[in-house]
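Presented below is the structure to which this report refers.
The values are calculated or read from the model by the stated rules, or taken from the named source; none is laboratory data. From a predicted model like this one, the values you see are computed outputs, not experimental measurements. Every residue, glycine as well, gets a Cβ built from its backbone with ideal geometry; the counts of neighbours run over all protein chains shown. Calculation scope for accessible area: heavy atoms of the full protein, side chains included, ligands and nucleic acids excluded. Shrake-Rupley method; radii C 1.70, N 1.55, O 1.52, S 1.80 Å.
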Amino acid sequence: QGPTVTDFDLHVALLPVAGKADMGGGLIWRARDAQNYYITRANPLEQNIRFYRVVKGVRYKLANFDHIISVDTWHTFRVAARGNHFQVIFDGQTVFEVQDETFQSGQIGLWTKADAVTFFDDLRLSVVK
């Protein structure tokens with residue numbers, strides 16, 4: 001029930017703590033509902049960062065970046081969205097530059113999966129006019 005946004009900078013700090021089936025977390029944006037959105041997530045179990053488009057509940061991988069992700073360490077995620085262009089920055093390093101036109105606007109959110117225990121802090125949204 002938050003604002004619907006198009007162009008923005010989105011930031012969060014996350015601390016992956018535990019999980020056997022899955023671990024870590026990420027950001028959701030341009031969400032139309034629980035079945036349609038973009039997501040980027042960091043998973044310490046797989047040691048990667050991924051960017052997905054979720055349409056009708058089906059996840060489509062748009063990009064993958066293999067990266068060491070420490071557990072019990074705070075990390076930062078940032079997404080810059082401008083039109084159909086998305087820049088994803090993890091711990092200050094640009095990991096993705098992706099273009100996709102599936103969703104033009106929507107809400108933002110936080111994401112975890114399965115038994116992941118992840119803390120989030122300092123969620124910030126700056127809307128670009």
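Hey, for a label at Asp100 modelled as a point 7 Å past Cα toward Cβ, could you say which residues of segment 39-54 have their backbone N under 20 Å away?
39-44, 46-54
Report the full-extension gain for the segment Val128 to Val17: residue separation times 0.36 nm, less the Cα-Cα distance, to one decimal in nm.
36.7 nm
Taking only C-alpha pairs under 8 Å that are 6+ residues apart, what is the relative contact order of the chain in percent?
40
Just subtract the alpha-carbon distance of Gln87 and Lys56 from 0.36 nm times their residue separation and send over the number in nm, one decimal.
8.8 nm
For Lys113, which aspartates and glutamates qualify as cross-link partners when the Cα separation must be under 15 Å and same-chain residues fewer than eight apart are set aside?
Output for Lys113: Asp22, Glu46.
On average, how much accessible surface per residue is there in segment 36-129, in Å², for a 1.4 Å probe, leaving out ligands, DNA and RNA?
Heavy-atom SASA per residue in segment 36-129 reads 53 Å².
Assigning unit charges at the beta carbon (Lys, Arg +1; Asp, Glu -1) and nothing else, what dipole magnitude in debye, to the nearest 20, does segment 56-104 show about its Cα centre?
220
Against the empirical 2.2 N^0.38 Å scaling, what ratio does the C-alpha Rg of the chain come to?
Compactness ratio reported: 0.97.
Picking from Val95, Ala13, Ala81, whose Cα lies most toward the positive end of the charge dipole for the chain (charges on Cβ: Lys, Arg +1; Asp, Glu -1)?
Result: Ala81.
Most mobile of Thr40, Thr118, Thr94 per a Gaussian network model of the chain (Cα springs, under 10 Å)?
The residue with the greatest mean-square fluctuation here is Thr94.
Just to make sure I understand: if all protein chains stay in place, what is the order of Asp9, Asp122 by accessible area at 1.4 Å, largest first?
Asp122, Asp9
Can you list which of the GluC sites (Glu not before Pro) found in segment 9-111 are DSSP loop residues with at most 11 other C-beta atoms within 10 Å?
Sparse-neighbourhood loop GluC sites (Glu not before Pro): Glu101.
At 1.4 Å probe size, what's the solvent-accessible area of Arg50? Round to the nearest 10 Å².
50
Take the Cβ-Cβ distance between Asn64 and Thr4 as r, set R0 to 25 Å, and report the resulting FRET efficiency rounded to the nearest 0.05.
0.30
Could you work out the pair-distance distribution P(r) of segment 83-128 from its alpha-carbon pairs, with 10 angstrom bin width and percents rounded to whole numbers?
So the P(r) values, bin by bin, are 17, 44, 36, 3.
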